[in-house]
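Derivation of every value follows stated rules applied to the coordinates shown; laboratory data play no part. Small disclaimer: the values here were computed from a predicted structure and weren't measured. So basically every Cβ, Gly included, is an ideal-geometry build from the backbone, and we count neighbours across all protein chains shown.
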Amino acid sequence: MAYPPRIEIPGQTYHVNAKAVAGCKLFRDEDDCSMFLRLLERELARSSWSCIAYSLMGTHYHLLVRIEKGTLSSGFQHLNADYARRFNQKYGRRGALWQRRFHDVLIESDAHLLEVVRYIALNAPRAAMCGRAEDHVWCGYGASIGAYPPDPLVDEQALLRLFGTGPKRTRERLRTFVEEGDPRKRRYQRLL
């Protein structure tokens, strides 16, 4: 069965993720993570994307990107194919690396955008990969709140603008927002 065509709207933001086939560990060491981020940096420039957030997990990744041209499909096809080729060569592996084509969700509101920012930041601690969101070194969140030097992949201006003006205050607001956790759980706890 054929996949439906993707809706690619220049100027819009997408939450994109891709998962390795059959639970294969996608990022086995720091070199794998670094290689993926170098390829991502190249693709950001090539496809005219702006990265607002990212997180590399063991078997998958999450990206929040704004596209300027209709390059979502071609860009991720290029990024994933290039990474798979290098990964398979490095590990003497053959065959598909990705479970299926990448998954994307068009961000349709400011509230949706904020929740995806929080989701990506909290992905690693929720998977018990680290204690706090800023501790996950393969995620742009720590740099965005000022815990680390700026991450060249993340368009901090686009991210921090969601939380007001002035870098110090917006970083604090971003941290507060992410640390709130799941707003549905807060509402449920108030009802008890």
- How high is the relative contact order of the chain, given as a whole-number percent (alpha carbon pairs under 8 Å, six or more residues apart)? 23 percent
- Item | Option label - Kirkwood radius over Cα pairs in Å computed here, alternatives (i) 18.9; (ii) 16.7; (iii) 17.4 | (iii)
- So what J values fall out for region 83-92 if you push phi through Karplus, 6.51 cos²θ - 1.76 cosθ + 1.60 with θ = phi - 60°, rounded to Hz, Gly and Pro as x? 5, 4, 4, 5, 4, 4, 5, 4, 9, x
- How much FRET efficiency would the formula 1/(1 + (r/R0)^6) give for Ala128 and Gln77, where r is the Cβ-Cβ distance and R0 is 30 Å, rounded to 0.05? 0.40
- Task: Under a 10 Å cutoff between Cα atoms, tell me which one of Ala84, Ala121, Ala45 has the largest fluctuation in the Gaussian network model of the chain.
- Result: Ala45
- Query: For the residues Arg173, Arg94, Arg42, what sequence is obtained by ranking on other C-beta atoms within 10 Å, fewest first?
  - Reply: Arg94, Arg42, Arg173
- Note on the structure: If amide H atoms are modeled at 1.01 Å from N in the peptide plane, then the residues at a separation of 5 or more from Trp98, or on another chain, having amide H under 5 Å from its own are Val21
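Taking neighbour Cβ counts within 10 Å as the exposure measure, how do Leu44, Leu174 sort from fewest upward?
Working: Leu44 19, Leu174 24.
Exposure proxy ranking, most exposed first: Leu44, Leu174.
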- Query: Most mobile of Leu162, Leu113, Leu63 per a Gaussian network model of the chain (Cα springs, under 10 Å)?
  - Reply: Leu162
- Rank these for me by crowding, Ser55, Ser109, Ser74, going from fewest to most other beta carbons within 10 Å. Ser109, Ser74, Ser55
- Note on the structure: Phi angles of region 109-120, converted by Karplus (6.51 cos²θ - 1.76 cosθ + 1.60, θ = phi - 60°) into ³J(HN,Hα) in whole Hz with x for Gly and Pro, give 7, 5, 4, 4, 4, 4, 5, 5, 4, 5, 4, 5
- Taking amide hydrogens as modeled 1.01 Å from N in the peptide plane, which residues meet the under 5 Å criterion relative to Met57, leaving out close sequence neighbours? His62
- Between Ala2 and His112, with labels modelled 7 Å along Cα→Cβ, what's the label distance in nm to one decimal, could you check? 2.5 nm
- Label-point gap, in nm, between His103 and Glu172 - each point 7 angstrom along Cα→Cβ: 3.7 nm
- Task: Quick one: among Asn88, Asn80, Asn123, which has the greatest mean-square fluctuation in a GNM of the chain with alpha-carbon springs under 10 angstrom?
- Result: Asn88
- Query: Using r as the Cβ-Cβ distance of Glu68 and Glu180, and R0 as 35 Å, what FRET efficiency do you calculate, to the nearest 0.05?
  - Reply: 0.65
